[in-house]
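*Asks:* One structure, pasted below without further comment.
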Amino acid sequence: MSRLQRRYIYANLEKIDNLVFAYGIDQSDFVHGIKRLPSNLVSLVGVDDEVHAVNAHTGLNVINDENDIRRFLLQSHTEQVKWMDYDEVGDLDFLTATEIAELLYLGHMNRPIRSPFNYKLRNHYVFLEQRNGGIKLYCYYLSAFSHVLNASILRHTLAAYRGRRMFMRTISVPRVPEPIIKQLMHLMSDGLFIYFDQSMVRQRQLLVPVHTEIANDDIEVFDPARNDDGRHTHNVATLTFNLVSSQWGLTVHDAGAFEDHL
């Protein structure tokens with residue numbers, strides 16, 4: 001599917017709800033990035049298949065087995081995937097009718113009526129796939145997204161390398177060092193772009209442009225089709241990967257972009 005073949009990463013952070021709106025990041029990045037998979041998942045789009053169990057109290061599909069959860073998150077889906085994790089198998093049975101309605105609203109409208117984190121379910125994530133190929137990911141601990149971003153960068157880097165026929169040998173791409181990830185995460189409030197489709201190789205280094213949005217538009221209406229219009233983004237850094245030493249680097253062009261905004 002085209003949404004899985006995007007050659008750029010876009011991530012915009014809404015700090016109030018710990019919401020990341022992203023493109024070029026998928027469920028495989030979530031699986032390979034986070035340190036521990038959720039124990040239980042509940043689908044927010046009702047009964048959408050006959051494979052997974054249905055919780056009698058909510059009427060929603062649930063997945064409670066670790067292997068099934070991994071398989072579900074890694075497989076391709078014809079419909080949009082929307083889910084929330086929860087702590088214990090029986091937690092859903094304590095939800096009121098109003099709270100169940102709020103889950104359905106979240107799945108249908110892609111935004112919560114109140115907090116996306118339910119104290120009864122003790123959830124850490126809400127994953128909402130969007131019609132235009134983007135995702136909304138609520139993270140109780142925002143640091144969890146840093147691992148997802150790291151996994152996505154690795155996937156895109158390997159794809160960019162394999163797409164260049166001049167390189168025949170295989171390479172090992174290590175995780176991006178935490179200080180660099182923190183710098184990239186800092187840019188998310190201004191709309192972070194990592195343009196792998198504009199990457200180039202010079203002196204055995206893969207150079208990947210890093211941009212931010214010039215006009216910080218409402219993330220709800222971000223249009224991926226405008227990515228090619230340079231007027232909307234500003235080059236602030238270059239992410240580098242040395243193809244010989246396998247070392248990551250970040251060359252900063254606009255130091256002001258990495259400063260805290262008042």
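The values are calculated or read from the model by the stated rules, or taken from the named source; none is laboratory data. For clarity, every value in this text was computed on a predicted model and none was experimentally measured. Note: ideal-geometry Cβ built from the backbone for every residue, glycine included; neighbour counts use all protein chains shown. Calculation scope for accessible area: heavy atoms of the full protein, side chains included, ligands and nucleic acids excluded. Shrake-Rupley method; radii C 1.70, N 1.55, O 1.52, S 1.80 Å.
*Asks:* For the subset of the stretch 14-28 comprising residues that are of a type in the set (D, E, K, R) and open to solvent by 60 Å² or more (accessible area, probe 1.4 Å), which member is modelled with the lowest pLDDT?
*Replies:* Step one: filter the stretch 14-28 for residues of a type in the set (D, E, K, R), giving 14-15, 17, 26.
Right, trim to open to solvent by 60 Å² or more (accessible area, probe 1.4 Å) and you get 14-15.
Numbers: 14: 93, 15: 89.
My answer is 15.
*Asks:* Go over the candidates 92, 121 one by one and state the one that is in contact with a Phe, Trp or Tyr (Cβ under 9 Å, 6 or more places away or on another chain), over 24 Å from residue 15 (Cα atoms) and either charged (D, E, K, R) or modelled with pLDDT of 95 or more (or both). Walk me through it before giving the result.
*Replies:* Details: 121 fails: over 24 Å from residue 15 (Cα atoms).
Sole residue among the options that is in contact with a Phe, Trp or Tyr (Cβ under 9 Å, 6 or more places away or on another chain), over 24 Å from residue 15 (Cα atoms) and either charged (D, E, K, R) or modelled with pLDDT of 95 or more (or both): 92.
*Asks:* Continuing with the same structure: What strands (runs of 3 or more DSSP E) completely inside the stretch 114-218 contain at least 1 residues that are in contact with a Pro (Cβ under 6 Å, 6 or more places away or on another chain) and surrounded by 21 or more Cβ atoms within 10 Å (Cβ to Cβ)? Working first, answer last.
*Replies:* Numbers: elements: 125-129, 135-139, 192-195, 200-202, 205-213.
So the answer is 125-129, 135-139, 192-195.
*Asks:* Turning to a different aspect of this structure: Looking only at the stretch 48-73, filter to residues that are without any contact (Cβ under 8 Å) to a residue 12 or more places away in the chain and either outside any loop (DSSP other than H, G, I, E, B) or buried (at least 16 other Cβ atoms within 10 Å of the Cβ) (or both); which one of those is nearest to the chain's Cα centre (by Cα)?
*Replies:* Selected residue: 71.
*Asks:* For the subset of the stretch 29-47 comprising residues that are open to solvent by 40 Å² or more (accessible area, probe 1.4 Å) and within 23 Å of the chain's Cα centre (by Cα), which member is nearest to residue 108 (Cα to Cα)?
*Replies:* Going residue by residue through the stretch 29-47, those that are open to solvent by 40 Å² or more (accessible area, probe 1.4 Å) are 32, 35-36, 39, 45, 47.
This time we only want the ones that are within 23 Å of the chain's Cα centre (by Cα), so: 32, 35-36, 39, 45.
On the way: 32: 27, 35: 29, 36: 27, 39: 24, 45: 7 Å.
Going through the qualifying residues, I end up with 45.
*Asks:* Does the stretch 92-105 include one or more residues that are in a loop (DSSP other than H, G, I, E, B), over 15 Å from residue 37 (Cα atoms) and within 17 Å of the chain's Cα centre (by Cα)? Walk me through how you get there before you give the answer.
*Replies:* Restricting attention to the stretch 92-105, the residues satisfying the condition of being in a loop (DSSP other than H, G, I, E, B) are 95-96.
Okay, now just the ones that are also over 15 Å from residue 37 (Cα atoms), so 95-96.
Now restrict to residues that are within 17 Å of the chain's Cα centre (by Cα): none.
No, the conditions are met nowhere in the stretch 92-105.
*Asks:* Determine which single condition residue 247 fails, assuming it passes every other condition in (1) modelled with pLDDT under 95; (2) of a type outside the set (Asp, Glu); (3) farther than 25 Å from residue 19 by Cα.
*Replies:* (1)
*Asks:* Sticking with this structure for a sec: Anything in the stretch 74-91 that is touching a residue at least 24 places away in the same chain (Cβ under 8 Å) and outside any loop (DSSP other than H, G, I, E, B)? List them, or say none.
*Replies:* Matches in the stretch 74-91: 74, 82, 83, 84, 85, 86, 89, 91.
*Asks:* Output the residues belonging to the stretch 150-182 that are modelled with pLDDT under 85 and of a type in the set (Phe, Trp, Tyr). Give the derivation first.
*Replies:* Taking the stretch 150-182 first, the residues modelled with pLDDT under 85 are 162-171.
167, the sole residue that qualifies.
*Asks:* Consider only pairs whose beta carbons are under 8 Å apart and that are at least six residues apart or on different chains; among these, list those whose first residue lies in the stretch 242-258 and is at negative phi and aliphatic (A, V, I, L, M) and whose second residue is open to solvent by 40 Å² or more (accessible area, probe 1.4 Å) and assigned to a loop (DSSP other than H, G, I, E, B).
*Replies:* Listed by first residue and then by second, the contacts come to 243/204; 244/204.
*Asks:* Restricting attention to the stretch 4-13, and to residues there that are hydrophobic (A, V, I, L, M, F, W, C) and either within 17 Å of residue 184 (Cα to Cα) or modelled with pLDDT of 95 or more (or both), which single residue is most open to solvent (accessible area, probe 1.4 Å)? Show your work before the answer.
*Replies:* Keep residues of the stretch 4-13 that are hydrophobic (A, V, I, L, M, F, W, C), which gives 4, 9, 11, 13.
Filter once more, so that each one left must be either within 17 Å of residue 184 (Cα to Cα) or modelled with pLDDT of 95 or more (or both): 9, 11, 13.
Numbers: 9: 0, 11: 0, 13: 21 Å².
Taking the candidates together, the pick is 13.
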